[in-house]
Every structure is written in structure tokens, then in C-alpha cells.
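Note sheet for the following structure.
FYI, it's all coordinate maths here, none of it is from the lab. Please read these numbers as outputs of a predicted model, since none were measured by experiment. Backbone-built Cβ (ideal geometry, glycine too); neighbour counts: all protein chains shown.
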Amino acid sequence: MKQTTKYIIGVMSGTSLDGIDIVYVKISAAENYNFEILTAKTIPYISEWKSALKNGFHLSGEELTKLDTDYGMHLGNTIQNFIQKNNISKIDFIASHGHTIFHNPEKHYTLQIGNGPQITS
């Protein structure tokens, strides 16, 4: 098998609300997969984002859609700052888990926000 190498940024945030976790990794694949964490950071939330995300569970559909869009824009800006501060020039793709608004495995549902088109804009 031919050696393949990808440079990836991964992004996620969970219900702990500690911040946005961002990692820049190099993944190589041939016979086996190997990875190297090139840099990583948790960017803490300001109080306004903590409050908005914490209360997302109680929002109406329209309010939640707005939060999804706004949060996607926030993620996009945060990722762009991470790229600039770390002088990252090679990115094959960005994978975003988004932020978990609610998660109930017993009832088989979960919801993450962070509108993809907004992240890329």
C-alpha cells in the first residue's frame, strides 16, 4: 500500500464548557496508521458563550438555529486564529464535532451545533 499523509485540524466542545479543543495532527497510513500531534490547545469560553451554550437545551427551534449559525461563525474565527498563531500552512481538511447541546444515549439522540458552512466562511 502506498504511503498517504494527511494534515488535519480537529475541533470539538462538550457539555463541560471548558472551551474549544483544537488539535493539528499529521496522520500517515501505509500498512498501519501513525499519528503525530503537532500542536493542540483548549481555547476557554468567555462567559457569554458559556451561558449561551449552557442554555441551548431550552431554546426554541428558531433560537437554536440562530445559536448554531452564530456558533459556527465563532468556530470559524477561532480556527482561523489557531491557524495563524501556529503558522499552519498545510491543511488537508478540518473535522469539527461541534458543541454538544444535549446527549441522551438511552433515548438514542444527541445534538451538536456548529454550522459547517459558517465555519468555512
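Details
- Values of log10 I(q)/I(0) for segment 4-120 across q = 0.11, 0.12, 0.16, 0.23 Å⁻¹ run -0.41, -0.48, -0.79, -1.28, by the Debye formula with one identical scatterer at each alpha carbon and no solvent.
- A simple spin-label model places pseudo-atoms 7 Å from Cα toward Cβ; at Asn32 and Ile8 they are separated by 1.8 nm.
- Measuring between alpha carbons in the structure, the pairs from Lys54/Lys107; Lys6/Lys85; Lys6/Lys66; Lys26/Lys66; Lys6/Lys50 lying more than 22 angstrom apart are Lys6/Lys66; Lys26/Lys66; Lys6/Lys50.
- Gyration tensor (alpha-carbon) shape descriptor, segment 1-46, a/c threshold 1.5: prolate
- Mean residue ellipticity, 222 nm, helices only, the chain: the sum of -39500 (n - 2.57) across DSSP H runs of n ≥ 4, divided by residue count and rounded to 500, is -10000 deg cm²/dmol.
- Taking amide H positions as modeled 1.01 Å from N, with prolines and chain starts lacking one, the residues under 5 Å from Gly98 and 5 or more places away or on another chain are Ser13.
- Helix 61-85 and the long axis of the chain differ in direction by around 30°, with both axes built from C-alpha atoms.
- Segment 67-121 and segment 1-17: distance between their alpha carbon centers, rounded to Å: 12 Å
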